[in-house]
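The values are calculated or read from the model by the stated rules, or taken from the named source; none is laboratory data. As the structure is a computational prediction, the values presented were derived from the model and not from experiment. No Cβ is skipped: glycine too gets one built from the backbone with ideal geometry, and neighbour counts run over all protein chains shown.
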Amino acid sequence: MVGRMSIPAQRMRAEREARGWSQREAVRKLRLLSKTQLPSDETLVRSWKKWEAGNHLPNYFYRPLIADLFDVDPAELFPDLPVRSTAYTLPNATRMEVIGWGDGIVAPNRRRSGRIMGVPAGPGAVEALRGMLAANIEADMQMGPAFPLPAIRSQLPLIEHLCHQARGSDRLAALRLGVQFAEFCGWLYQDYGECGTAKACTNLALDLAAEIDDRRVLSYLLMRKSNVATDCGEAGPALGLANAALARSQHLTPRLQAVALRQKAAAHALLGEYDGFVRAREAARIAAAAGMRQDEGDLAPYCTPSYVEMEAGASLVGLGRPAEAIPIFEESRSSWPAGNLRDRLLCLARLATAYAHAGDTEAACVTASEALAATRDITSARVAAELGRLRQHLAQRPGRHAVADLRARLAAAIGPAANAVPVHLEGAP
């Protein structure tokens with residue numbers, strides 16, 4: 001990465017120094033140029049230092065913004081790196097490009113501004129896009145949503161094109177791929193804090209899934225709609241959608257039952273219904289344990305017993321039972337897969353919050369410090385919101401130097417707003 005970043009890093013520094021700007025001045029001018037909310041100056045200065053040192057790559061949001069700041073061609077500043085459009089090479093040297101995409105997520109039958117040229121509606125395109133999806137799922141687990149979201153979003157018009165043009169078995173494969181792309185795009189927007197767009201993407205996935213008529217796929221998407229509703233604070237719809245996901249549950253795999261039951265438990269907790277939460281949680285644990293023995297593939301391979309328990313721990317804190325949540329998070333902390341950095345940070349943030357609510361301020365500070373040390377450039381509204389809640393709770397315990405220091409570090413890490421409203425991506429609806 002350092003070698004690949006050498007040209008952008010050197011050029012960024014040269015352009016800044018030619019104008020006589022310090023790094024802090026460049027950051028302030030970048031803020032004035034941007035039409036959306038950016039992180040705090042301290043956070044941006046740290047990022048700028050990494051960019052100029054060649055240690056990190058500016059993501060899709062910052063590349064065109066930095067180019068505009070210096071009034072240079074983005075392709076000059078970031079050679080061989082995608083900025084506003086994406087291009088991929090398909091098998092047999094067939095090339096596809098998406099041009100002019102930028103009017104947001106809309107219903108499948110709405111005409112979009114943009115052109116799709118030379119894209120065959122066959123298995124080659126589907127396989128190429130499937131590989132791209134897998135790579136971006138991995139990127140999301142390591143870096144959060146900001147990096148993969150522009151790439152995934154930009155392919156939705158192409159997905160629509162494939163679904164409209166394909167016939168026979170190719171059409172079914174294109175529809176299934178379209179469902180996965182739209183659902184994943186909804187997840188990325190959800191983790192970025194854009195609940196409205198997350199709902200629109202998930203609805204798009206449901207529209208595509210209607211033609212497939214697969215009960216398992218429909219159940220999973222209803223569960224995802226319920227999950228978005230909980231993040232939006234819509235407890236009633238969240239419970240109704242979770243129940244809809246569990247309809248005819250005899251046709252679902254154990255893991256699909258478990259992930260829907262886990263979501264039902266979260267909805268009950270959001271409603272303050274402890275008994276309903278306990279029943280759904282226990283049923284989810286049993287189903288998740290059975291899922292460890294299932295042979296069939298499904299859309300919820302991540303729904304393990306430990307996943308169900310970590311989500312239950314978050315609900316227990318919300319229900320005012322942080323002491324019950326602490327051992328759950330500690331167990332998850334010790335066993336969470338190393339390949340999923342973002343969710344490990346979420347676990348640490350939740351554990352710190354649980355300690356704080358249980359009255360163990362020292363353990364909360366130690367755990368939060370561990371999370372902050374690993375946060376780096378992770379972009380996740382869920383992680384930021386959890387750290388924001390922790391910071392707000394610690395405000396009730398003034399007078400201790402360690403607490404004051406941690407609150408200052410939390411503020412610098414998540415920006416000026418306690419709940420860290422995330423940056424809007426260029427062209428996002």
* Criterion violated by G359 - all others in (1) modelled with pLDDT of 85 or more; (2) surrounded by fewer than 20 Cβ atoms within 10 Å (Cβ to Cβ); (3) in a helix (DSSP H, G or I) satisfied -> (3)
* What residue, among those in segment 185-206 that are among the charged types (D, E, K, R) and modelled with pLDDT of 90 or more, is nearest to F147 (Cα to Cα)? -> D191
* Asked: Does segment 161-177 contain any residue that is within 27 Å of A229 (Cα to Cα), small (G, A, S) and either out of contact with any Leu (no Cβ under 8 Å at 6 or more places or on another chain) or part of a helix (DSSP H, G or I) (or both)?
  -> no
* Looking only at segment 234-263, which residues are closer than 20 Å to P301 by Cβ and not hydrophobic (A, V, I, L, M, F, W, C)? -> S249, H251, T253, P254, R255, Q257, R262, Q263
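Yes or no, residue by residue, for (1) closer than 20 Å to D298 by Cβ; (2) of a type in the set (A, V, I, L, M, F, W, C):
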residue	(1), (2)
F147	no, yes
L162	no, yes
Q165	no, no
L175	yes, yes
V179	yes, yes
G186	yes, no
* Restricting the search to segment 280-318, which residues are touching a residue at least 60 places away in the same chain (Cβ under 8 Å) and either in a helix (DSSP H, G or I) or of a type in the set (A, V, I, L, M, F, W, C) (or both)? -> L299, A300
* Qualifying residue in segment 46-58 (condition: under 30 Å from P157 (Cα atoms), modelled with pLDDT of 75 or more and surrounded by 17 or more Cβ atoms within 10 Å (Cβ to Cβ)) -> yes
* Among the candidates A284, A260, residue that is under 23 Å from the mean Cα position of the chain (by Cα), modelled with pLDDT of 95 or more and surrounded by 15 or more Cβ atoms within 10 Å (Cβ to Cβ) -> A260
* Give the residue that is modelled with the lowest pLDDT, with candidates limited to residues of segment 376-415 that are more than 21 Å from the chain's Cα centre (by Cα) and not in a helix (DSSP H, G or I). => G399
* To do: Take segment 320-353 and flag every residue that is farther than 19 Å from V366 by Cα, of a type outside the set (G, A, S) and either under 17 Å from the mean Cα position of the chain (by Cα) or part of a loop (DSSP other than H, G, I, E, B) (or both).
  => R321, P337, N340
* Structure fact -> Restricting segment 59-73 to residues that are modelled with pLDDT under 75 and not hydrophobic (A, V, I, L, M, F, W, C), the one surrounded by the most Cβ atoms within 10 Å (Cβ to Cβ) turns out to be Y60
* To do: Mind listing whichever residues of segment 229-260 are assigned to a helix (DSSP H, G or I) and in contact (Cβ under 8 Å) with a residue 40 or more places away in the chain?
  => T230, D231, P254, R255, L256, A258, V259, A260
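Residue check: is A266 under 10 Å from C303 (Cβ atoms), within 22 Å of the chain's Cα centre (by Cα) and small (G, A, S)?
Here the answer is no, as A266 does not meet what is asked.
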